[in-house]
Structure formats: structure tokens, C-alpha cells
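The numbers here are math on the coordinates, done by the rules we state, and not lab data. Please read all numbers here as calculations on a predicted model, not as lab measurements. With ideal geometry, Cβ positions are generated from the backbone for all residues, glycine too; neighbour counts draw on all protein chains shown.
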């Protein structure tokens, strides 16, 4: 059985404190071709911790019901790989605010060829980047970016204030568990 290092909770509390010092600083870029008659979609980017001293950005596609009102929210985290995202407009049209995120700190609406190149180039084996230094490990920024995405959703003016879920498969399954656990930590 694996045991937590003695400073496990303190390490993540410090990461969350570092994140909390950064304004969310959301930028929304309308994506009219991604939406539908009942949902508007936007590329969203948020300020996030970086792998060093400088902050980074965390990108996703936000889809929200066009009708006024309060809605549940869903954070969708990705499986492994490097890819674009189209958002979850169909779910938003049914009355759910959705945020489908990428984890790599790059826009999620570029041409597939860009992601293909990154996947075999600069982001090949990203899961091992910084593995020898927990403060610079790739997934530290990813996990805190998922927390930041959650922060955005719970501050969304259309959120109903109580119904919030996170979902994903494969790598996204782990990201779902980690996001839920980190957002539950004080």
C-alpha cells in the first residue's frame, strides 16, 4: 500500500494558495459555429500557475444555455493526448453549463494538424515532464488548472449554486478524481 508523503496535504494546500493569489482573468472568445439554437459556446482561457515562476493559461470550450436562469455545471476533463475540443453544446442545450478543457496550456480550437505536430514534437511524452521535481511536474500545473476551471464554474453567474460535476475517461478519470479531491481540500 502506498502512503502519502508526510507533507502531501501541505504541498497541495500551498499549490492552491499560489493559485488563489492569481486572478482567474477569464478571456471569452465567441465560437458561433460551435453552438446551436439553445446554447452559446466560447473558447475560454483562464490564468493558471506555471511550471516555473510565470503563470500560464488554461484553455477550454465553455457552452452555456442561451435562456436566462440558473443551471447545473459540468467540467469535462480529457483523456490522454493532444487534441482540439468542440465543447458540449448538445448538453448545454439541455440546460447544463459545460466546460470541456484541454490541459496543455494552448488554445483548444486550432487545426488538428497543430495538435498532431505537438503530440509527436514538443508535447511528446508530456506525462514525464518534470517527473523528478514535484514542484515542476507537468501534472501539478494540470491538476491546479482543473481546480481553476472549477473556480470559474462556481463563480459563473448562471450556475445554480449546488449542482456541479466533473467527468472524464482514462487520463480524464484520474483528473476527475484529483479535481474532486483537491477542490474538497480546505
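For segment 38-111, the relative contact order works out to 37 percent when only alpha carbon pairs closer than 8 Å and six or more residues apart are counted. In whole Å, how far is the Cα centre of segment 134-162 from that of segment 1-52? Using only Cα atoms to place each centre, the spacing works out to 3 Å. Put a dot 7 Å past the Cα of residue 174, heading toward its Cβ, do the same for residue 154, and the two dots end up 2.5 nm apart. For the peptides 135-144, 61-70, 24-33, the ranking by mean Cβ contacts within 10 Å, running from highest to lowest, is 135-144, 61-70, 24-33.
Residues 132, 160, ranked from the fewest to the most other C-beta atoms within 10 Å, line up as 132, 160. Across segment 88-186, Cα-Cα pairs more than 19 Å apart make up 52 percent of the total. Both radii come from the Cα set of segment 33-144: Rg as radius of gyration, Rh as Kirkwood radius; their ratio Rg/Rh reads 1.03. Counting every other Cβ atom within 10 Å of each residue's Cβ, 8, 129, 58 order from fewest to most as 8, 129, 58. Contact order for the chain, expressed relative to its length and based on alpha carbon pairs under 8 Å spaced 6+ residues apart, stands at 23 percent. Taking the C-alpha atoms only, the angle from helix 138-155 to the longest principal axis of the chain is near 40 degrees. Sorting 38-49, 112-123, 173-184 by their mean Cβ neighbour count within 10 Å, with the most densely packed peptide first, gives 38-49, 173-184, 112-123.
Modelled label positions at residue 86 and residue 11, each set 7 Å beyond Cα in the direction of Cβ, lie 3.9 nm from each other. Using only DSSP helix segments of four residues or longer, with each worth -39500 (n - 2.57), what per-residue ellipticity at 222 nm results for the chain after dividing by its residue count and rounding to 500? Theoretical 222 nm ellipticity from helices: -10000 deg cm²/dmol. Taking the longest Cα principal axis of the chain as reference, the axis of helix 8-21 is set at about 50 degrees. Computed over the alpha-carbon atoms, segment 1-56 gives an Rg to Rh ratio of 1.23, Rh here being the Kirkwood radius from the mean inverse distance. Pairing the Cα long axis of helix 171-184 with the longest principal axis of the chain, what angle in degrees results, from 0 to 90 and rounded to the nearest 10? So the helix axis and the longest Cα principal axis differ by about 80 degrees.
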